[in-house]
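The structure under discussion appears below in the form of structure tokens.
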Amino acid sequence: MEKNLIIAITGASGALYARHLLHALCMHVPGKSSVIISPSGLRVCNEETGTNFRKDEEYLQWIQESVSRKSSPVHSFQLEDYRDIGARSASGSNSHDGMAIVPCSMKTLASITHGITQNLIERAADVTLKERRPLVVVPREAPYSLIHLRNMTSLTEAGATVVPASPGFYQKPESLDDLGRFIASRVLSVLGIQVRLFKPWLDESPE
Ligand SMILES: Cc1cc2nc3c(=O)[nH]c(=O)nc-3n(C[C@H](O)[C@H](O)[C@H](O)COP(=O)(O)O)c2cc1C
């Protein structure tokens, strides 16, 4: 069945998690998703990957080109403007299969937790919760303050799932990409999408 998701990228460290999530969707999950990138998300991506994207479109083009070098994409993306609080994802009548915020800054996490909707990412998350649709956040900070911990607890109580940006090492990752695939796979699994991005623990079958 085709999947229709909302993928948001904010300014926490961990741009590679977003890249692997979008790659996995493109390569393995038929459907169409909206993508929203905060200005800080684009900035942190540039800092971490050595790119110099000025516009969200350049980022998405980079993702799509890297996928199409390997296979034909089965998932398409529609960019929505972070500032456009009237975009499709802002509406409760936009039926979708879930929203993932990867990575999720503590600022965006705090806003959603407290019902503050000052941009399209926060609004779409607020609407996703009120419509009782799946919301997954991948926060990153170290160490956590009590405020961060309380916000994560409240957001979980409100129905969201917190997938910490803490990849497992029992699969013996050989690269940063392996770590990215681990988190992407966890996010998709919470959204009910099983994609084999690496060999599962205790799985004896060949790759
Ligand atoms: C290089 C860099 C790394 C950052 N890493 C984190 C981080 O890991 N976690 C976090 O919560 N904020 C981090 N920030 C700060 C956020 O980008 C900042 O709070 C921003 O206002 C978040 O806005 P957004 O949620 O709209 O993307 C980082 C900023 C920069 C420039």
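The table below gives the values:
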item	result
For T161, distant residues with modelled amide H under 5 Å away	L135, V136, V137
Förster-model FRET efficiency, 30 Å R0, N46 and H114, C-beta, rounded to 0.05	0.55
Using a Förster distance of 35 Å, the FRET efficiency for R83-S175 (Cβ separation, nearest 0.05)	0.45
Order by protection proxy (mean Cβ within 10 Å, highest first), peptides 80-90, 163-173, 36-46	36-46, 80-90, 163-173
Calculated log₁₀ intensity ratio I(q)/I(0) where the Debye formula runs over C-alpha points of the chain, q = 0.09 Å⁻¹	-0.31
Value at 222 nm in deg cm²/dmol, rounded to 500, when DSSP H runs of n ≥ 4 in the chain each add -39,500 (n - 2.57)	-12500 deg cm²/dmol
³J(HN,Hα) computed for each position of segment 157-164 - Karplus, 6.51 cos²θ - 1.76 cosθ + 1.60, integer Hz, glycine/proline x	4, 7, x, 7, 10, 8, 10, x
Using alpha carbons only: equivalent-ellipsoid semi-axes of segment 1-118, gyration tensor based, whole Å	22, 19, 12
For segment 1-30 and segment 53-87, distance of Cα centres in Å	10
Computed FRET value (nearest 0.05) for E65 with K130, which takes r as the C-beta separation and R₀ as 35 Å	0.45
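Computed from the coordinates by the stated procedures, all read-outs in this text should not be read as laboratory data. Please read these numbers as outputs of a predicted model, since none were measured by experiment. Cβ atoms come from the backbone with ideal geometry, glycine included; neighbour counts cover every protein chain shown.
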